[in-house]
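The values are calculated or read from the model by the stated rules, or taken from the named source; none is laboratory data. This is a predicted model, so every value here is computed, not measured. Methodologically, a virtual Cβ is constructed for each residue, glycine included, from the backbone with ideal geometry; neighbour enumeration extends over all protein chains shown.
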Amino acid sequence: MYRRFIATVAAASIAITAFGAMPARADNDDAARALAALLGIAIVGKIIHDNKKDKKAHHYEKKHVKKNHVPHYNQPSYKPPRYQPKPRPLPRRVDRKLLPGKCFHSYRTGRGKVRMFGRRCLKNNYDFVNRLPRQCLYVFDTPRGNRRGYEARCLRDRGYRLARR
(Lines give C-alpha, C1' and ligand atoms only; values in the text may rest on other atoms or scores of the structure.)
Protein backbone atom coordinates (compact mmCIF):
# COMPACT_ATOMS: atom_id res chain seq x y z
CA MET A 1 0.00 0.00 0.00
CA TYR A 2 2.65 2.46 1.04
CA ARG A 3 5.51 0.76 -0.80
CA ARG A 4 6.92 3.94 -2.23
CA PHE A 5 6.69 5.68 1.11
CA ILE A 6 8.39 2.78 2.86
CA ALA A 7 11.04 2.67 0.15
CA THR A 8 11.66 6.40 0.63
CA VAL A 9 11.98 6.02 4.40
CA ALA A 10 14.33 3.05 3.94
CA ALA A 11 16.48 5.07 1.52
CA ALA A 12 16.56 7.96 3.97
CA SER A 13 17.62 5.67 6.81
CA ILE A 14 20.41 4.21 4.70
CA ALA A 15 21.56 7.71 3.81
CA ILE A 16 21.52 8.75 7.45
CA THR A 17 23.58 5.72 8.44
CA ALA A 18 26.06 6.68 5.74
CA PHE A 19 26.39 10.09 7.39
CA GLY A 20 27.21 8.39 10.63
CA ALA A 21 30.14 6.66 9.02
CA MET A 22 31.60 9.97 7.84
CA PRO A 23 34.14 11.70 10.00
CA ALA A 24 32.57 13.98 12.53
CA ARG A 25 32.72 17.67 11.85
CA ALA A 26 32.56 20.42 14.24
CA ASP A 27 29.47 21.73 12.51
CA ASN A 28 26.24 19.96 13.40
CA ASP A 29 24.42 22.31 11.09
CA ASP A 30 25.27 20.23 8.02
CA ALA A 31 23.73 17.12 9.53
CA ALA A 32 20.64 19.05 10.56
CA ARG A 33 20.31 20.51 7.05
CA ALA A 34 20.68 17.08 5.47
CA LEU A 35 18.12 15.64 7.87
CA ALA A 36 15.75 18.52 7.12
CA ALA A 37 16.24 17.98 3.38
CA LEU A 38 15.47 14.28 3.71
CA LEU A 39 12.44 15.04 5.84
CA GLY A 40 11.26 17.56 3.23
CA ILE A 41 11.72 15.00 0.46
CA ALA A 42 9.75 12.43 2.49
CA ILE A 43 6.91 14.91 3.06
CA VAL A 44 6.80 15.81 -0.63
CA GLY A 45 6.79 12.08 -1.48
CA LYS A 46 3.89 11.51 0.92
CA ILE A 47 1.92 14.40 -0.63
CA ILE A 48 2.52 13.00 -4.12
CA HIS A 49 1.48 9.55 -2.96
CA ASP A 50 -1.77 10.85 -1.43
CA ASN A 51 -2.46 12.82 -4.59
CA LYS A 52 -2.14 9.69 -6.72
CA LYS A 53 -4.38 7.78 -4.32
CA ASP A 54 -7.14 10.37 -4.83
CA LYS A 55 -6.87 9.93 -8.59
CA LYS A 56 -7.27 6.17 -8.22
CA ALA A 57 -10.43 6.69 -6.15
CA HIS A 58 -12.02 8.57 -9.06
CA HIS A 59 -11.28 5.98 -11.67
CA TYR A 60 -13.77 5.48 -14.44
CA GLU A 61 -15.27 2.20 -15.61
CA LYS A 62 -14.24 1.01 -18.97
CA LYS A 63 -17.00 1.15 -21.48
CA HIS A 64 -17.70 -2.09 -23.21
CA VAL A 65 -17.35 -1.49 -26.88
CA LYS A 66 -19.60 -3.72 -28.92
CA LYS A 67 -17.98 -5.42 -31.80
CA ASN A 68 -19.71 -5.36 -35.13
CA HIS A 69 -22.36 -8.04 -35.00
CA VAL A 70 -22.19 -10.44 -37.88
CA PRO A 71 -25.51 -12.25 -38.35
CA HIS A 72 -25.43 -16.02 -38.43
CA TYR A 73 -26.68 -17.31 -41.75
CA ASN A 74 -28.71 -20.49 -41.84
CA GLN A 75 -29.31 -22.26 -45.08
CA PRO A 76 -33.05 -21.98 -45.76
CA SER A 77 -34.74 -25.32 -45.68
CA TYR A 78 -37.90 -26.13 -47.54
CA LYS A 79 -40.79 -27.10 -45.33
CA PRO A 80 -43.75 -28.28 -47.34
CA PRO A 81 -47.08 -26.93 -46.18
CA ARG A 82 -48.88 -29.10 -43.72
CA TYR A 83 -51.51 -31.01 -45.54
CA GLN A 84 -54.20 -32.76 -43.60
CA PRO A 85 -56.26 -34.69 -46.07
CA LYS A 86 -59.97 -34.76 -45.43
CA PRO A 87 -62.24 -37.22 -47.13
CA ARG A 88 -64.26 -35.80 -49.94
CA PRO A 89 -67.97 -35.68 -49.34
CA LEU A 90 -69.90 -38.38 -51.11
CA PRO A 91 -71.90 -37.38 -54.16
CA ARG A 92 -75.52 -36.64 -53.41
CA ARG A 93 -76.76 -39.68 -55.31
CA VAL A 94 -74.71 -41.95 -53.03
CA ASP A 95 -75.24 -39.92 -49.87
CA ARG A 96 -78.98 -40.19 -50.40
CA LYS A 97 -78.85 -43.95 -49.76
CA LEU A 98 -76.82 -43.71 -46.50
CA LEU A 99 -78.91 -43.50 -43.34
CA PRO A 100 -77.42 -41.99 -40.13
CA GLY A 101 -76.17 -44.59 -37.65
CA LYS A 102 -77.37 -42.74 -34.57
CA CYS A 103 -81.00 -43.21 -35.66
CA PHE A 104 -80.70 -47.00 -35.74
CA HIS A 105 -82.32 -48.65 -32.68
CA SER A 106 -83.53 -52.09 -31.56
CA TYR A 107 -86.87 -52.47 -29.76
CA ARG A 108 -88.55 -55.48 -28.14
CA THR A 109 -92.09 -55.94 -29.32
CA GLY A 110 -94.73 -58.63 -29.06
CA ARG A 111 -93.42 -60.31 -32.20
CA GLY A 112 -89.74 -60.23 -31.12
CA LYS A 113 -86.85 -57.86 -31.58
CA VAL A 114 -87.40 -55.20 -34.25
CA ARG A 115 -84.59 -53.12 -35.70
CA MET A 116 -85.67 -49.78 -37.07
CA PHE A 117 -84.73 -46.17 -37.79
CA GLY A 118 -86.71 -43.70 -35.69
CA ARG A 119 -88.84 -41.33 -37.74
CA ARG A 120 -88.21 -38.21 -35.63
CA CYS A 121 -84.44 -38.84 -35.59
CA LEU A 122 -84.42 -39.25 -39.37
CA LYS A 123 -86.33 -35.98 -39.80
CA ASN A 124 -83.67 -34.17 -37.77
CA ASN A 125 -80.58 -35.86 -39.24
CA TYR A 126 -81.43 -37.02 -42.75
CA ASP A 127 -82.22 -34.68 -45.63
CA PHE A 128 -84.18 -37.10 -47.80
CA VAL A 129 -86.85 -38.42 -45.40
CA ASN A 130 -89.60 -37.65 -47.88
CA ARG A 131 -87.95 -39.99 -50.44
CA LEU A 132 -87.91 -43.04 -48.16
CA PRO A 133 -90.28 -45.78 -49.34
CA ARG A 134 -93.68 -45.67 -47.61
CA GLN A 135 -93.88 -49.44 -47.60
CA CYS A 136 -91.10 -49.51 -44.94
CA LEU A 137 -92.89 -47.13 -42.54
CA TYR A 138 -94.33 -49.07 -39.60
CA VAL A 139 -95.87 -48.38 -36.24
CA PHE A 140 -94.58 -50.77 -33.57
CA ASP A 141 -96.20 -51.41 -30.23
CA THR A 142 -93.57 -51.51 -27.46
CA PRO A 143 -93.92 -51.62 -23.63
CA ARG A 144 -93.19 -47.89 -23.62
CA GLY A 145 -95.80 -47.07 -26.22
CA ASN A 146 -96.11 -46.93 -29.98
CA ARG A 147 -92.99 -46.19 -32.00
CA ARG A 148 -93.03 -44.89 -35.55
CA GLY A 149 -90.11 -45.62 -37.80
CA TYR A 150 -88.73 -47.39 -40.82
CA GLU A 151 -87.88 -51.05 -40.59
CA ALA A 152 -84.16 -51.63 -41.27
CA ARG A 153 -84.57 -54.88 -43.25
CA CYS A 154 -87.11 -53.29 -45.58
CA LEU A 155 -84.85 -50.30 -46.24
CA ARG A 156 -81.86 -52.59 -46.84
CA ASP A 157 -83.83 -54.52 -49.45
CA ARG A 158 -84.54 -51.23 -51.25
CA GLY A 159 -80.81 -50.24 -51.42
CA TYR A 160 -80.42 -48.12 -48.29
CA ARG A 161 -77.39 -48.68 -46.05
CA LEU A 162 -76.31 -47.72 -42.57
CA ALA A 163 -73.67 -44.98 -42.49
CA ARG A 164 -71.12 -45.85 -39.79
CA ARG A 165 -70.06 -42.29 -38.96
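Annotations for the structure displayed:
- Long-range neighbours under 7 Å by Cβ, at least six apart or interchain, first residue within 17 Å of HIS105 (Cα to Cα) within region 118-137, second β-branched (Val, Ile, Thr) and in a helix (DSSP H, G or I): LEU122/VAL129; LYS123/VAL129
- Restricting attention to region 125-165, the residues that are part of a helix (DSSP H, G or I) and β-branched (Val, Ile, Thr) total 1.
- Spans of strands (runs of 3 or more DSSP E) in region 22-119 with at least 1 residues at pLDDT below 80: 104-109
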